[in-house]
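Encoded as structure tokens, the structure appears first; notes follow it.
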Amino acid sequence: MRRRTLLILSMLLCLSAIAWAAPKKSKGTKYIIRAWTLPAYTLRADTQQLDTSYLNLPMRNMQDDYSMSYAWNGNLVSPIQSRLYFDRQEKIDDIFGSQYQPYILTPQDVRFYNTTIPYSKIGYQHGFTSYHEEHDLSFMFTGNINKRLNLGLQLNYLNGAGHYSFQDAKLFNGAVFGSYNGNHYFLHAAVTWNTLSNFENGGIQKQIDLNGTLEPEDIPVRIKGMSGYKYISGMLNHGYSLTIERQQQKQIETKNEEGIWETRDTTVTIHIPVITFAHTFETNNSVHRYREKDSVNAAFYAQTLRNPFTSRDSSNVLTISNTLSVTFEEAYNRLLRFGITAYARQEDQRYLRVINDYYDPQLPFLNNPAVHILAAAPHLLADSLMRAQWTHNTFVGGSIHKNTGKWFRFGVNGEVCLLGYKLGQFRINGDASFFIPIAKDTMAIRIGAFVRSDKPHQYLMEYTSNHFQWKNDFRQVFRFRVGGQVEYPTRWVKPSVKIDFENITNLIYYNAQGLPTQREGNAQVFAADVRCDITTPWVNLENHVVYQASSGELPVPAFTLYHNLYYHGTWFKALDTQMGVDLKFFTRYFSPLLNPATGQFCVQQTAQIGNYPMMSAYINFYVRLLHLRFYAQYTHINHLFMRDNTDYLAMPLYPMNPDIFRLGITWHFYR
């Protein structure tokens, strides 16, 4: 495994170096790298900043980028759910992929680029522990064929062996993307793929085994299973804009005869879009599988419905959508200074259901025909997939938006389903931002809200597997959310306060038996998120505290804290340095518990976790000349002197990893 990873890393490093060493097309061209994403159905570009900061590189990974606190089984790429309710994501329309959403790369996550030179980035992180190594490898390359056409490739590979039995997990995902930006015609295309797999151990059998008498890999676990998830998606967005020409004064940088960059004024002709007609095609296919190769552990699951020898459960959702839109552009509307978009979207979805769904729970187990067939030939039931069930939904929607402006910006959009299974489903979102100059700094005030009514997912209404089956007639879920944030970053202090509230009517959750249940009436969640970073020329202190209160079906800790104290400075005028220690903490609460067979986090009221600090020490460097960042980190360092404390749990009976030493490197190639 180590040789393969090093070989791949060497190949990607060589490719990046070749691109970096390639001569520039013009000696008088300075490097410019623009990046943006297309996050919505109407796919309005959202400008993104390049990630070139070296600060806190050791804490940048898929889990910590998702949320500062989360429930999971303790290993890389394992099922995960944020303990902060308002950090939870809804990226994909598949309930059996919800536990993997932070790891999944969709076309809406892809960054598109326009560069004057090739740009690439390679990163590698390695966790050094005997027989439990971790590998995190990432690569990105992009370059322009001409000033309008750009192509790129992104790859990510993660593998964690885990410290406990049956905990290994892997992820391989990536994207091929390209864009064309002309004066009238534009095009964006992306294809992404995600392959995840992780073993399921159901947690350890006894928490007392964490007292140090046994090595982590020798601690008995509850089951031996495996989950896999594949998500493949594609997007094509293209359109044509009717434009007008305007003359604009612009400053450009060029090299003089002496080779020195200088700024000069010039007049350029720009094309201002007036009306844009666009079409967007999107498709994705998701497959979830759960396997138990050995005899089913009857003590772990309450029932075995189909195969007493092995579990082979599957689900599959295919989605195809086409969106037609027309936009009256904001840049042309000098009087009202906002844009208007109207669109129609056709969505077709296919669900695959169980083939052998003749199991009758009213019959004694040994009298069921499924049992006798499988006893004679257990290999006959190769999978639980079956017939295809299609649904077709037609949506119409629109938006009013102001995306540019020095002091004020806003956006309001909504859509409603007029035909199909999701008939009556609607969503209305709104947000506004105000920027108020105070002294030499600017206060930012942001408010947002949504109202939505969602039809329950098809698999929530009907599903059958080896351990679970249900048929429900759930009502639509009505949600209302409102929140606001105030930020006032100054040179020395950077305070931020964010308040969020959500009310959910007819909430659907998973009960302690692992079955979806609908609550009568309303459920609420409230959160107050406070940040205050203190900056000095050499020492920084980052503080992040979140208070939450919720209904019982939405368990969250009352307080979640993160603190990061570090020194930073520049050594030898070329080496930026950061060294410090950080701490994570959350108060005790009844944490949801993962159900391996369905991948859902289920409400339970039997075991609490929390009140345990998680500390890490690190040193982090940035070599300016080479655009090279590297670090060393010792995570869970307090485990060295708290070995008698067995409360380091990520979920009930799912311990966090013990202390680990990690190294990481990220190298940007551009000139």
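The values are calculated or read from the model by the stated rules, or taken from the named source; none is laboratory data. Small disclaimer: the values here were computed from a predicted structure and weren't measured. As a convention, Cβ positions derive from the backbone with ideal geometry for all residues, glycine included, and neighbour counts pool all protein chains shown. Accessible surface is based on the protein model in full, side chains and every heavy atom, while ligands, DNA and RNA are left aside. Shrake-Rupley method; radii C 1.70, N 1.55, O 1.52, S 1.80 Å.
Laid out as a table, the results:
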quantity: The stretch 274-330: C-alpha gyration tensor shape, a/c 1.5 cut-off, then a/b vs b/c; calculated: prolate
quantity: Option label - Rg and Dmax of the Cα atoms in Å computed here, alternatives (1) 32.7, 102; (2) 26.7, 92; (3) 27.4, 104; calculated: (2)
quantity: Computed Rg/Rh of the stretch 424-483, alpha carbon atoms with Kirkwood Rh; calculated: 1.35
quantity: Dipole of the chain, positive end: most advanced residue of Ala331, Phe96, Ser69 [Cβ charges, Cα centre]; calculated: Ala331
quantity: C-alpha center-to-center spacing [the stretch 401-462, the stretch 489-538] in angstrom; calculated: 17 Å
quantity: Accessible area of the chain divided out per residue, in Å², using a probe of 1.4 angstrom; calculated: 47 Å²
quantity: Total charge dipole magnitude, the chain, about the Cα centre, Cβ charges on Lys, Arg, Asp, Glu only, Debye to nearest 20; calculated: 1720 debye
quantity: Of Lys250/Lys440; Lys250/Lys406; Lys230/Lys471; Lys440/Lys494; Lys498/Lys584, pairs whose Cα-Cα distance is over 23 Å; calculated: Lys250/Lys440; Lys230/Lys471
quantity: Cα gyration tensor, the stretch 33-157 - rounded (a/c under 1.5), prolate or oblate; calculated: oblate
quantity: Which of Val317, Val545 is most accessible, then next, and so on - probe 1.4 Å; calculated: Val545, Val317
quantity: The stretch 428-509: chymotrypsin sites (Phe, Trp or Tyr not before Pro) in DSSP coil with no more than 16 other Cβ atoms inside 10 Å; calculated: Phe474, Trp492
quantity: The chain: calculated mean residue ellipticity at 222 nm from DSSP helix runs of at least 4, using -39500 (n - 2.57); calculated: -1500 deg cm²/dmol
quantity: Percent carbon-and-sulfur accessible area, the chain, ignoring ligands, DNA and RNA, probe 1.4 Å; calculated: 60 percent
quantity: For Arg88, solvent-accessible area (1.4 Å; no DNA, RNA or ligand), Å²; calculated: 70 Å²
quantity: Solvent exposure ordering (accessible area, 1.4 Å, most first) of Val110, Val221; calculated: Val221, Val110
quantity: Peptides ranked, highest mean first, by Cβ atoms within 10 Å: ranges 152-163, 519-530; calculated: 152-163, 519-530
quantity: Degrees between helix 2-21 axis and first principal axis of the chain (Cα, 0 to 90, nearest 10); calculated: 20 degrees
